[in-house]
Amino acid sequence: MKNTILALGVGFLIGRHIYKNYDKKEADLKEAQIKRRLVDTLEELGLSKREVRSQSNHILRR
């Protein structure tokens, strides 16, 4: 009984750790996609590179 509970606890913690890392990677990928799309849009509007960087950082609050 004690070994079963210990194994379930360790399995839960490992699974949680893996899921948190996966979720963080997915969020970082989505953020990068959004930023690329935003930069492309601002460049299409004719802003300079400096203005694009400034505006994208302001919009994304980095």
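With angles folded into 0 to 90 degrees, how steeply does helix 49-60 sit against the dominant principal axis of the chain? Use alpha carbons for both and round to 10.
The angle comes out at about 40 degrees.
Please work out how much length the chain gains when fully extended from LEU45 to MET1, using 0.36 nm per residue of separation minus the C-alpha to C-alpha distance, in nm with one decimal.
Separation in residues times 0.36 nm, less the Cα-Cα distance, equals 9.3 nm.
Could you work out the helix-only [θ] at 222 nm for the chain, with each DSSP H run of four or more residues adding -39,500 (n - 2.57) and the total divided by the number of residues, to the nearest 500 deg cm²/dmol?
Taken over the chain, the calculation gives -32000 deg cm²/dmol.
Relative to the first principal axis of the alpha-carbon coordinates of the chain, what is the inclination of helix 2-44, with its axis defined by its Cα atoms, in degrees from 0 to 90 and to the nearest 10?
Approximately 10 degrees, to the nearest 10.
Could you give the spread of the C-alpha atoms of the chain along their three principal axes, from largest to smallest, in whole angstroms?
For the chain, the Cα extents along the three principal axes come out at 68, 16, 12 Å.
Only the coordinates and a few stated rules stand behind these numbers; no lab work does. None of these values were measured; they are calculated from a predicted model.
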